[in-house]
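Comments concern the structure below.
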Amino acid sequence: MRFIHAADIHLDSPISALKPRGGEPARALADSTRRAFTAMIDAAVDMGVDFVVIAGDLYDGDWPHISTGLFFAEQMVRLHQAGIRAAVVKGNHDAASKITRHIATEMPNTVIFDHKRPQTVVWDDLGVALHGQSFATGPVSANLAASYPPPRPGCLNIGVLHTAAEGRPGHDAYAPCTVGQLAAHGYDYWALGHVHSREVLCEAPWIVFPGNLQARHVNEPGDKGFTIVTAEAGAIRRVEHHACDVLRWARVTVDATGCADVDSVNRRVQAALTDAALAAGGRALAVRLTLAGETVAHHRLAADPEQVEADCCGAAAWTGHDVWIERIRLKTRPPGTTSTTLDAGAADALDTLLRTMADVRTSPALLDGVRADAAALIDKLPPLARKHAGLEEIGDDLAADIVAEAEALLLARLLDARPLDEGRTS
């Protein structure tokens, strides 16, 4: 017997905004969560699995359009036609969805676990007992696992739970529980959801976070997919990861040290993006790109961020792969630029600027001010625009980016860098 364990599908959740390339935005990647889910259903049918377990966050809050729910229903029909069942718990995002209740309950092959109390579903022909409880209204702070029933004798017992377990960075502490508590419950397998990175918390019994099916931003790097579980004679025999993502995310740093001009920097960018694309195994790749190191081209780069963006997007196109730029962080610096190489007035200004920027980077109060100012500006954007741009939260990375870009621009102005089209190289 085999089954698929997946979680955190977030159907139709918008991906972080990607830079246009060749004048065209990344519209083809907007349906990446659907394509990844379709790939999982394809795999379920091709492998002939017995059932599919989804451990929460099938949806991404209330639907922007009913087509999201209809798409899910169509995929469940495909499973039904192949004789494959499905079992779903609602997570914190699903609980916010109003329309899901009306479509999901009409699927004959799909069990949606109740939110009022733990529920046990027994499939006698498979010798399987599944135990689960959905979230009711969003965040759940109670330990749901504590109320799960004891295992059913003679069955392969599977617990389905949306939880942060003992807590994970970047994830709210929903339905907290301990690995020891889950292991002591007597189940053969715990199908967990909520944490977006794949983790095997225990192997005796198996307690698994499969990770999300499709990454949506740069803080979800690496391959994404589901877990395929094989059982034999009432015991778990194999637990394997199966990638099915269609868009992969990566952070790429290009060392521009020694580059004599912008063209040299661009060649290094293209080479680095090509390597990253090959590592993605033929999938589309979204990149947060950092340019670092000492180069005489620094002033030209800092003086014209729009040209840097155009050059980097062009380098992505020239890789010959499906590579998109999400954000560019400029951390280059001019070689040997110190106050001793400048006249007295410029030296004083440079020293003051460097001290001030160092103070900003190391002062919690000043960084809080940067974040507050950024938040005030971002609050003026429509909510959907903020979500598409990945600006719902003003984190430390964004504040650091703002400070770094401000320092680079001020240095370029102070050192009298001219626009790129003047051909100046230092």
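The values are calculated or read from the model by the stated rules, or taken from the named source; none is laboratory data. Just so it is clear, the model here is predicted, and its values are computed rather than measured. Positions of Cβ are generated from backbone atoms using ideal geometry, with glycine treated the same way; all protein chains shown enter the neighbour counts. Only protein heavy atoms, including side chains, enter the accessible area calculation; ligands, DNA and RNA are left aside. Shrake-Rupley method; radii C 1.70, N 1.55, O 1.52, S 1.80 Å.
At a glance:
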{"read-out": "Answer from Thr274, Thr227 - the residue that is polar (S, T, N, Q), surrounded by 14 or more Cβ atoms within 10 Å (Cβ to Cβ) and over 30 Å from Trp318 (Cα atoms)", "value": "Thr227"}
{"read-out": "Meets criteria (closer than 16 Å to Val246 by Cα, touching a residue at least 40 places away in the same chain (Cβ under 8 Å) and of a type in the set (Asp, Glu)) for Asp12", "value": "yes"}
{"read-out": "Flag for Gly293 being among the small types (Gly, Ala, Ser) and at positive phi", "value": "yes"}
{"read-out": "When residues of segment 276-299 are limited to those that are in contact with a Pro (Cβ under 8 Å, 6 or more places away or on another chain) and part of a helix (DSSP H, G or I), the one farthest from Gly258 (Cα to Cα)", "value": "His299"}
{"read-out": "Arg152 vs. criteria at pLDDT 95 or above and crowded, with 21+ Cβ neighbours inside 10 Å", "value": "no"}
{"read-out": "Residues that are touching a helix residue (DSSP H, G or I) at 6+ places or on another chain (Cβ under 8 Å) and either in a loop (DSSP other than H, G, I, E, B) or surrounded by fewer than 15 Cβ atoms within 10 Å (Cβ to Cβ) (or both), drawn from segment 182-203", "value": "His185, Cys202"}
{"read-out": "Top-ranked residue in segment 242-270 [being touching a strand residue (DSSP E or B) at 6+ places or on another chain (Cβ under 9 Å), open to solvent by 10 Å² or more (accessible area, probe 1.4 Å) and not hydrophobic (A, V, I, L, M, F, W, C); ranked as farthest from Ala26 (Cα to Cα)]", "value": "Gly258"}
{"read-out": "Check on Leu144, of a type in the set (A, V, I, L, M, F, W, C) and in contact (Cβ under 8 Å) with a residue 60 or more places away in the chain", "value": "no"}
{"read-out": "Members of segment 21-34 that are closer than 12 Å to Tyr59 by Cα and open to solvent by less than 10 Å² (accessible area, probe 1.4 Å)", "value": "Thr33"}
{"read-out": "Candidate set: segment 113-138, residues that are part of a loop (DSSP other than H, G, I, E, B) and among the aliphatic types (A, V, I, L, M); chosen: the one modelled with the highest pLDDT", "value": "Leu126"}
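Residues checked against (1) buried (at least 20 other Cβ atoms within 10 Å of the Cβ); (2) β-branched (Val, Ile, Thr); (3) in contact (Cβ under 8 Å) with a residue 40 or more places away in the chain; (4) in a helix (DSSP H, G or I):
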site: Ser16; (1), (2), (3), (4): yes, no, yes, no
site: Lys19; (1), (2), (3), (4): no, no, yes, no
site: Ala36; (1), (2), (3), (4): yes, no, yes, yes
site: Ala39; (1), (2), (3), (4): no, no, yes, yes
site: Ala43; (1), (2), (3), (4): no, no, yes, yes
site: Val53; (1), (2), (3), (4): yes, yes, yes, no
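For (1) touching a helix residue (DSSP H, G or I) at 6+ places or on another chain (Cβ under 8 Å); (2) modelled with pLDDT under 80, each residue gets a yes or a no:
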{"residue": "Asp8", "(1), (2)": "no, no"}
{"residue": "Pro25", "(1), (2)": "no, yes"}
{"residue": "Ala28", "(1), (2)": "no, yes"}
{"residue": "Thr33", "(1), (2)": "no, no"}
{"residue": "Ile41", "(1), (2)": "yes, no"}
{"residue": "Phe51", "(1), (2)": "no, no"}
{"residue": "Gly61", "(1), (2)": "yes, yes"}
{"residue": "Ile66", "(1), (2)": "no, yes"}
{"residue": "Thr100", "(1), (2)": "yes, yes"}
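The rows are residues; the columns are (1) modelled with pLDDT of 90 or more; (2) out of contact with any His (no Cβ under 8 Å at 6 or more places or on another chain); (3) open to solvent by 20 Å² or more (accessible area, probe 1.4 Å).
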{"position": "Ala279", "(1), (2), (3)": "yes, yes, yes"}
{"position": "Leu285", "(1), (2), (3)": "yes, no, no"}
{"position": "Ala292", "(1), (2), (3)": "yes, yes, yes"}
{"position": "Thr295", "(1), (2), (3)": "yes, yes, no"}
{"position": "Leu301", "(1), (2), (3)": "yes, yes, no"}
{"position": "Asp304", "(1), (2), (3)": "no, yes, yes"}
{"position": "Gln307", "(1), (2), (3)": "yes, yes, yes"}
{"position": "Ala310", "(1), (2), (3)": "yes, yes, yes"}
